[in-house]
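Notes follow the structure.
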Amino acid sequence: MTAQDSITTPRKRKFKVPWAIVLPAIPLFLWLSLLIVFPHIRLAILSFLKRGQDIFFLDNFLNIFLGNYLAPFQDPDQLFSRVFFKTVLFSLVNTLLSLIVAYPIAFYLAKVLKGSRKFALLLLLILPYWVSELVRVYAWMNILRETGFLNYLLVNVLGIFDQPVEFLYNNTSLFVVFVYSSVLLMILPIYSSLEGLADEQIQAAEDLGAGPFATFRYVVFPISLPSVTYGCILVFMISAGNYLIPNLIGGKNTLWVTEMIYNRFIISTNWNLGSAYSLILLISTSIMIYLGLRLTGQSLRGVFSEQ
Amino acid sequence: MTDIDVELVNITKKFGELVAVDDVSIQVTRGSFFSILGPSGCGKTTTLKMISGFEEPDNGDVFIGGERVNGVPPNHRRVNMVFQQLALFPLMTVSANVGFGLKMSGVPKADRQARVEEMLEKVDLPGLGDRKPDQLSGGQQQRVAIARCLILDPTVLLLDEPLGALDLKLRDQMKIQLKRLQHEVGTTFIYITHDQSEALVMSDEVAVMNEGHLLQIGAPDELYSNPADYFVASFVGESNAFEGPITHLENGHAVLSADPFDFKSPTHPDIRVGENCRLFIRPERIRLMSSDAGSDALYDNQFPGEIQDVVFDGAVARAFVDLGHNTVITVLVTRTSDTPLPVEGEAVLVGWNALDALCFPE
Ligand SMILES: Nc1ncnc2c1ncn2[C@@H]1O[C@H](COP(=O)(O)OP(=O)(O)OP(=O)(O)O)[C@@H](O)[C@H]1O
Ligand SMILES: [Mg+2]
């Protein structure tokens, strides 16, 4: 068929599958559907059923049960609410601390260091993330515990303390390890946005009479704002959903929502209640991020399109 | 009070081993348009940054308005800089960009707005205040960058190749506009460029630099007709250049041999027999004659040749004359009378006097 034929007789053209677009999209589609969409649909279904029931029994299909969502709030101890509130609060604090630690590092990396030193520091920052989080957390336990490296240093080498101190299992150690494990997620996006800021912009601000603070406020920070938001969203989500660190480093009273969810699933084998907990966590953190964006006059699309 | 706005006294700047600026002294008169001209990498930007305060000289002193400013940070110097890449703030509107300096010095908002509008008017950008820089054309961005500095009423405005990013036609327009603007506001401009025609068109005075050295300072006309050395001669204006040893002196001329031609050249105390020299002849100094003009030599140097090509450019034309032996020289033909332009393939004579040429030892 020549080109002319196809113009004069368009109806004869058969629909062709655009394989060049479809093929590369298949892995992404499988990833999204099998690992993200499908499990969440399962969770949603389970959360609306009574304990031990499942969709596969047809009569359950019509019995939508809201008890799993009401139960945590009907509890006289309000355990879930308290734990949930604490998780969110600690995650926010962790996000803020990570930002405070990450920004100067990102700035130093992007605007002060040059050439091989910059590469070396970047590598040093990324290197620990090549091992699993579990190993990194154990390394911190090794440093902080009563017979650990820090106590050895303080007692045996420097002689500041007479007795070893237990540094683990309190909020300080929790935040130290939390910030350590999430700070890279904050550094990298901020670093890359500051990389895009020409030195001349900073010099121009200075030339026009801006001091260091005004230069930061009006020229540097606005450029990095989408990345700061992006980093904050990542760190907040990952903190709120973290299980290892609060479990291993936090004290006995640092119960995290994820631990409660784990307990419902594994200890009391109440998958339906566990599912409801998971969805409450997911939805409420999403709402908080949405509100955060609205309050600072940003949009998710704007934040992600800058990355 | 002196009428010198900026004075550099023996300044030197090194980056490691590299001497970027070597013992440069410059005086810039108040209200003048002063250019620093030189090829890429010769130290122009570095010189400018020492005036603005982004670099400190390793040696020497910088004076602005009669005050020594070594060690004074950029935000406390009454000079402003238009950067090579403009460096407009991309997230701010044009108005915010132009008003930034006023905001930093604490001018109240209403006052600021009025002055920004007035400034935009002055640089021919009225009504564009609400746009973002990336919604402007290259030439408009240019003017925002200049307005942003001029609004602070600086003693001196520093411009680092501000026309470099523009296309040729716009560059020609902006040259005239810049010169006019400078005239209107009366601020001293120090202008950097590697384009000799920009420097010649706009400047009151030009400093020519090469490899960190200052070679010559002078009015454009002086640089063109009286260059201090061969670099200035070749960099400023168009020339026919030859190179070779001085073979002997003859009738008060030095004779330079660029095999197989012998050129009679002006003498100079620095020029000695046996020394390798460079000879420059401006295209407008060469006369074109028809080959039957007669056998008498009218000029000190006279050679037969053949017209290879003629490039017509309105009032003037450039004739490329092949003298044989792979030597082609450019001759400027001014169209004052009705004499027809030479045509391709025509046999001609070219001639010039020894004193029309410039000769420098290497
Ligand atoms: N911060 C720096 N560190 C090291 N070397 C530098 C630095 N800044 C400039 N140089 C070097 O100093 C020399 C002069 O640089 P400068 O920027 O002044 O050149 P320029 O005349 O402005 O050139 P161009 O026309 O290309 O802008 C160059 O060889 C450059 O590589
Ligand atoms: Mg430069």
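The values are calculated or read from the model by the stated rules, or taken from the named source; none is laboratory data. Just so it is clear, the model here is predicted, and its values are computed rather than measured. Note that we place each Cβ from the backbone using ideal geometry, even for glycine, and neighbour counts take in every protein chain shown. Please note that ligands, DNA and RNA were not included when accessible areas were found on the heavy atoms of the full protein model with its side chains. Shrake-Rupley method; radii C 1.70, N 1.55, O 1.52, S 1.80 Å.
With a 1.4 Å probe and all protein chains left in place, how much of the accessible area of segment B:141-213 comes from carbon and sulfur atoms, in whole percent? So the carbon and sulfur contribution to the accessible surface is 49 percent. B:Arg285 sits among other residues whose Cβ lies under 14 Å from its own Cβ, and their net charge, with Lys and Arg +1 and Asp and Glu -1, is 0. Pick from B:Pro162, B:Pro269, B:Pro39 the residue whose mean-square fluctuation is largest in a GNM of chain B, springs joining Cα atoms under 10 Å. Judging by the Gaussian network model, the answer is B:Pro269.
Classification of segment B:224-264 by its C-alpha gyration tensor yields a prolate form. The axis ratio a/c (a ≥ b ≥ c) is 1.5 or more, and a/b outweighs b/c.
Once you reduce segment A:131-190 and segment B:65-136 to the center of their Cα atoms, the two points are 49 Å from each other.
In a fully extended conformation the segment linking B:Asn353 and B:His76 would gain 94.2 nm over its present Cα-Cα distance, using 0.36 nm per residue.
Taking amide H atoms as placed 1.01 Å from N in the peptide plane, the amide H of B:Ile36 lies under 5 Å from those of B:Tyr191, B:Ile192, B:Thr193, B:Ala207, each 5 or more residues away in sequence or on another chain. Compared with the dominant principal axis of the Cα atoms in chain B, helix B:109-122 is inclined by about 20°. For segment A:176-183, putting each phi into the Karplus relation 6.51 cos²θ - 1.76 cosθ + 1.60 with θ = phi - 60° gives couplings of 4, 5, 4, 4, 4, 7, 10, 5 Hz, in residue order, rounded to whole numbers and with x for Gly and Pro. Here the accessible area of segment B:240-361 is 48 percent carbon and sulfur, with a 1.4 angstrom probe and all protein chains present. Here the Karplus curve 6.51 cos²θ - 1.76 cosθ + 1.60, taken at θ = phi - 60°, turns the phi angles of segment B:73-78 into couplings of x, x, 6, 10, 9, 8 Hz, with x standing for Gly and Pro.
Taking every residue in B:49-60 and counting other chain Cβ atoms within 10 Å of its Cβ, the average works out to 1.
A simple charge model with +1 on the Cβ of Lys and Arg, -1 on the Cβ of Asp and Glu and nothing else charged puts the dipole of segment B:65-144 at about 280 debye relative to its Cα centre. Given labels modelled 7 Å from the Cα in the Cβ direction, how far is it in nm from B:Glu346 to A:Ala71? The modelled label-to-label distance comes out at 10.6 nm.
The H on the amide N of B:Gln84, modeled in the peptide plane, is under 5 Å from the matching H of B:Asp160, each at least 5 residues off or on a different chain.
Residues in chain B average 47 Å² of solvent-accessible surface per residue, probe 1.4 Å, ligands and nucleic acids excluded.
Cα gyration tensor of the protein assembly as shown, axes a ≥ b ≥ c as square roots of the eigenvalues: rounded (a/c below 1.5), prolate (a/b > b/c) or oblate? Judged from the Cα gyration tensor, the protein assembly as shown comes out prolate (a/c at least 1.5, a/b above b/c). Sites listed here are GluC sites (Glu not before Pro) in segment B:67-128 whose DSSP assignment is loop and whose Cβ has at most 15 other Cβ atoms within 10 Å, and the list is empty. Evaluated with a Cβ-only charge set (Lys, Arg +1; Asp, Glu -1), the protein assembly as shown carries a dipole of roughly 4940 debye about its Cα centre, given to the nearest 20.
Applying the criteria of a DSSP loop state and at most 16 other Cβ atoms within 10 Å to the trypsin sites (Lys or Arg not before Pro) of segment B:221-294 yields B:Arg272.
Note on A:Lys14 and A:Arg301: their simple-model spin labels are 3.9 nm apart, each label 7 Å out from Cα toward Cβ. Karplus-based coupling profile of segment B:167-176, in residue order and whole Hz: 7, 4, 5, 5, 4, 4, 5, 5, 3, 5, with θ = phi - 60° in 6.51 cos²θ - 1.76 cosθ + 1.60 and x standing for Gly or Pro.
Think of chain B as a dipole: +1 on every Lys or Arg Cβ, -1 on every Asp or Glu Cβ, centred on the Cα centre; then among B:Pro220, B:Phe33, B:Val72, B:Val72 lies furthest on the positive end. The mean of 1/r over all pairs of different alpha-carbon atoms in chain A, once inverted, gives a Kirkwood hydrodynamic radius of 23.6 Å. Near B:Lys103, once Lys and Arg are set to +1 and Asp and Glu to -1 for all other residues with Cβ below 10 Å from its Cβ, the sum equals +2.
Annotation: amide H-H contacts under 5 Å for A:Asn170 (H modelled 1.01 Å from N, sequence separation of 5 or more, or interchain): A:Gly251. Summing +1 for each Lys or Arg and -1 for each Asp or Glu, what net charge is found among the other residues whose Cβ lies under 9 Å from the Cβ of B:Gly164? Around B:Gly164, the surrounding residues sum to -2.
By the helix-only formula, in which each DSSP H run with n ≥ 4 contributes -39500 (n - 2.57) and the sum is divided by residues, chain A has a 222 nm mean residue ellipticity of -19500 deg cm²/dmol. Counting other Cβ atoms within 10 Å, which trypsin sites (Lys or Arg not before Pro) in segment A:100-156 have at most 15 and lie in a DSSP loop? Loop-located and lightly packed - A:Lys114. Put simply, when A:286-296, A:16-26, B:17-27 are sorted by average Cβ atoms within 10 angstrom per residue, most first, you get B:17-27, A:286-296, A:16-26.
Dipole check for segment A:78-305: with +1 at the C-beta of Lys and Arg, -1 at the C-beta of Asp and Glu, and the Cα centre as origin, the magnitude is about 420 Debye.
Which whole number gives the average, over all residues in B:86-92, of C-beta atoms from other chains lying within 10 Å of the residue C-beta?
6
If you take the accessible area of B alone, add that of A alone, and subtract the area of the pair, what total do you get in Å², probe 1.4 Å, to the nearest 100? Before the final figure, lay out each step's value.
Numbers: alone 17670 and 19400 Å², together 35380 Å².
The summed interface area works out to 1700 Å².
Comparing mean-square fluctuations of A:Val219, A:Val101, A:Val157 from a GNM of chain A with C-alpha springs under 10 Å, the top value falls on A:Val157.
Partner shielding of B:93-102 amounts to 2, given as the average count of beta-carbon atoms from other chains within 10 Å of each residue beta-carbon.
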